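Student: So that we are looking at the same thing, I have put the structure below in structure tokens.
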Amino acid sequence: MEEVWTAYGELSAKRLEDLTHSEKPWINARKGLAPAEKSSNIISHEDMKAYYASFLEE
């Protein structure tokens, strides 16, 4: 938790939102939607697993 706080603790809510909304799982869940369009689409576990596992491989 300390590492996460050190990396992201000083960021604003808007910056954190921008970061998460630029990641592939978010983008995949919103395919076909306008940027400001509301959605209740679910981000798939498979997308999250594949995306975050790629960081472990680096």
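Student: Being in a loop (DSSP other than H, G, I, E, B) and among the small types (G, A, S) is the filter here, so list the residues in the range 1-27 that pass it.
Tutor: G9, S12, S22
Student: Checking the structure you have, find out if any residue of the range 28-41 is open to solvent by 60 Å² or more (accessible area, probe 1.4 Å) and in a helix (DSSP H, G or I).
Tutor: Within the range 28-41, not a single residue is open to solvent by 60 Å² or more (accessible area, probe 1.4 Å) and in a helix (DSSP H, G or I).
Student: Also, I was wondering about something else. Tally the residues that are within 14 Å of M48 (Cα to Cα) and open to solvent by 100 Å² or more (accessible area, probe 1.4 Å), restricting the search to the range 1-27. Show your work before the answer.
Tutor: Taking the range 1-27 and keeping what is within 14 Å of M48 (Cα to Cα), we get 20-27.
From what's left, open to solvent by 100 Å² or more (accessible area, probe 1.4 Å): 24.
Adding up the residues that qualify gives 1.
The values are calculated or read from the model by the stated rules, or taken from the named source; none is laboratory data. Fair warning: this is a prediction, and the values are worked out from it, not measured in the lab. Ligands, DNA and RNA are stripped out before the accessible areas are found, and what is left, the full protein with its side chains, is counted by its heavy atoms. Shrake-Rupley method; radii C 1.70, N 1.55, O 1.52, S 1.80 Å.
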